[in-house]
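Here the structure comes first, spelled out in structure tokens, and everything after it is commentary.
Laboratory data are not the source of any read-out in this text; all were calculated from the coordinates shown. Treat the numbers as computed from the prediction; the structure is a model and nothing was measured. All Cβ positions, glycine included, derive from the backbone under ideal geometry; neighbour counts span all protein chains shown.
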Amino acid sequence: MFTRALQAIEALDSRRSRLRLYAFITLVFFALAWIAVVVRAVAMDREVNVIISDGRYYYVYLPSLVVDGDLDFSNQIREHWETEWNPALLLDRTERGLVRNQYPIGLALTLFPSFLAAHAATKASALGGGAPLAPDGYSLLY
């Protein structure tokens, strides 16, 4: 199956045709990923949330710093994480009383430019006050 696909790609005579094929494949995988996210949310009777697992810990720096102006992650955890699986997250605190995050900020820094663009677009939007486009770091544009 893969050899046939490779032969079909090699048979394409122009670069433009290959690029169209790659764009199509990318869009198919993107659509499949969103379908999986929506199916998961419906099956678990929860909101659509693409920030899950370790990604929560890496990402939480951005909304906390940009939206709240602090490094207290407790409000992000309470409002946007499913804490019923581990409510002890809010109990593990640093010496300053802040919720502990064992993950480094490096990945969040790589997402910072796109996060700022999404935050600016959300704030500038006329619909910014509504739930789907709330400037909280977790709404649709983010």
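Taking label positions 7 Å along the Cα-Cβ direction at both residue 44 and residue 95, the computed distance is 3.6 nm, reported to one decimal.
When each of the peptides 62-71, 115-124, 20-29 is scored by the mean number of other C-beta atoms lying within 10 Å of its residues, the order from highest to lowest reads 62-71, 115-124, 20-29. Overall, the anisotropy analysis places region 54-124 in the prolate class: the square-rooted eigenvalues a ≥ b ≥ c of its C-alpha gyration tensor yield a/c not less than 1.5, with a/b exceeding b/c.
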